[in-house]
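Okay, structure first, notes after.
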Amino acid sequence: MQSDGPPTDPAHLDRQFEDLLQELRVAQTGAQLLAGILVTLPFQPAFGRLDGFERSIYLLLVGAALLTTLAVLTPIAVHRRLSGRHHKQDVVHTARRALDVALACLCVLVAGIATLVVDVVVGRQAGLVSGAVVAALALVVLVVTPRRLV
């Protein structure tokens with residue numbers, strides 16, 4: 001008889017953890033690239049021309065990039081701490097939650113980047129509209145679609 005609870009088979013948990021690590025590696029690469037680009041912006045001459053709204057969006061983006069980085073590093077820290085202690089189920093559970101946080105932060109990042117770039121290049125209203133459209137698309141792609149597959 002199968003249990004409705006989470007799997008406890010060590011081999012199954014190992015496979016799940018490996019799959020989650022691969023997913024986290026993709027998120028980590030994206031977050032690192034975005035964070036790297038974002039931290040260079042204040043050192044560009046045009047940064048001084050950003051208004052208060054644009055600077056607020058920028059700081060939100062930096063915060064989201066930092067949170068994404070922390071989220072993708074969390075499973076590694078948990079695994080290092082619990083490795084060999086027969087807590088693989090806890091590690092897998094934590095990795096799943098961390099990936100959910102990373103995906104949420106990446107949604108904020110892509111929507112915020114769309115908002116900031118279009119705001120600077122075209123104007124405030126277009127920036128807000130493009131940010132809302134990208135946020136809606138991100139929610140459909142990263143939240144709605146996976147949930148419909150279950």
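Remarks
- Across the chain, Cα pairs under 8 Å and at least six residues apart give a relative contact order of 24 percent.
- Placing a label point 7 Å from the Cα of LEU70 along the Cα-to-Cβ direction, the residues of segment 26-48 with a backbone N closer than 19 Å are 27-36, 38-39.
- Hydrophobic long helices, here whole DSSP H runs in the chain with Kyte-Doolittle means of at least 0.0 and Cα atoms spread over 24 Å or more along the helix axis, are found at 10-40, 52-82, 88-121.
- Mean projected area (nm²) of the alpha-carbon convex hull when segment 10-108 is viewed from all directions: 6.7
FYI, it's all coordinate maths here, none of it is from the lab. Only a predicted model underlies this, so the values are computations on that prediction, with no experimental measurement involved. Note that each Cβ is placed from the backbone with ideal geometry, even for glycine, and that neighbours are counted across all protein chains shown.
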